[in-house]
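A.B. asks: Structure in structure tokens, see below.
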Amino acid sequence: MTIKEEIKDYSCIVRKGDEERTFIRRGVIDLYELLQKEPDFLHGATVIDKVVGKGAAAVMALGKISELQTPVISTPALRLLQLGGIKVVYEKEVPHIINRAGNDMCPLEKRCAVSNTPSELLPVITQFIEDMKAKSN
């Protein structure tokens, strides 16, 4: 089974030991909330994610995952994870993640260009999520 086939019904799957959690929301929100509420579950986990940009990679690095499997990863995300010593299995590397409209770079990927340090990116990601929540209200 390919990574794409395994993740087809979800946006993200996190596995640790015998436990598996599945997520369906788009973007980095599920991983971010998991990092905030249950960081121990991420520590040493395997993450399977549909599309991984630099923001998601930073959250995974901060969560100290052991492995990422993804059909698509951006070059900045791959570099960040490799610098963190995280095993990455991917099908396609792209220069950057594109936005949902398909006409520009992903807005979080743009914002994350400011640093290659996950801890420095966390406030950027937090602000992005807060901005998205404010827009939806």
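The values are calculated or read from the model by the stated rules, or taken from the named source; none is laboratory data. Source: prediction; values computed, not measured. FYI the Cβ positions are ideal-geometry reconstructions off the backbone, even for glycines, and counts take in every protein chain you see. Side chains included, ligands, DNA and RNA excluded: accessible areas come from the protein's heavy atoms. Shrake-Rupley method; radii C 1.70, N 1.55, O 1.52, S 1.80 Å.
A.B. asks: I'd like to check something: does the range 64-76 contain any residue that is of a type in the set (Asp, Glu) and farther than 25 Å from residue 130 by Cα?
C.D. replies: Yes, some residue in the range 64-76 is of a type in the set (Asp, Glu) and farther than 25 Å from residue 130 by Cα.
A.B. asks: Would you tally the residues in the range 58-74 being in contact with an Asp or Glu (Cβ under 9 Å, 6 or more places away or on another chain), surrounded by fewer than 24 Cβ atoms within 10 Å (Cβ to Cβ) and of a type outside the set (S, T, N, Q)?
C.D. replies: Qualifying residue count, the range 58-74: 2.
A.B. asks: Does residue 92 satisfy the condition of being part of a loop (DSSP other than H, G, I, E, B), among the basic types (Lys, Arg) and open to solvent by 30 Å² or more (accessible area, probe 1.4 Å)?
C.D. replies: Taking the combined requirement at face value, the residue does not satisfy it.
A.B. asks: For residue 101, which of the numbered conditions (1) of a type outside the set (Ser, Thr, Tyr); (2) outside any helix (DSSP H, G or I); (3) open to solvent by less than 50 Å² (accessible area, probe 1.4 Å) fails to hold?
C.D. replies: Failed condition: (3).
Each row is one residue, and each column tells you yes or no for (1) closer than 23 Å to residue 114 by Cβ; (2) among the hydroxyl-bearing types (Ser, Thr, Tyr).
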| site | (1), (2) |
| --- | --- |
| 46 | no, yes |
| 53 | yes, no |
| 57 | yes, no |
| 66 | no, yes |
| 69 | no, no |
| 78 | yes, no |
| 82 | yes, no |
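A.B. asks: Please go through the range 1-53 and give me each residue that is open to solvent by less than 80 Å² (accessible area, probe 1.4 Å), without any contact (Cβ under 8 Å) to a residue 24 or more places away in the chain and of a type in the set (S, T, N, Q), ordered by number.
C.D. replies: Within the range 1-53, just 22 meets the criteria.
A.B. asks: Taking residue 83 as the residue in question, decide whether it is hydrophobic (A, V, I, L, M, F, W, C) and open to solvent by 20 Å² or more (accessible area, probe 1.4 Å).
C.D. replies: So residue 83 passes the test.
A.B. asks: So, residue 119, is that one of a type in the set (Ser, Thr, Tyr) and either in contact (Cβ under 8 Å) with a residue 40 or more places away in the chain or open to solvent by 90 Å² or more (accessible area, probe 1.4 Å) (or both) or not?
C.D. replies: Against the criterion (of a type in the set (Ser, Thr, Tyr) and either in contact (Cβ under 8 Å) with a residue 40 or more places away in the chain or open to solvent by 90 Å² or more (accessible area, probe 1.4 Å) (or both)), residue 119 qualifies.
A.B. asks: Among (1) among the basic types (Lys, Arg); (2) at pLDDT below 95; (3) closer than 23 Å to residue 14 by Cα, which single condition is residue 92 missing?
C.D. replies: Only one criterion is unmet by residue 92, namely (2).
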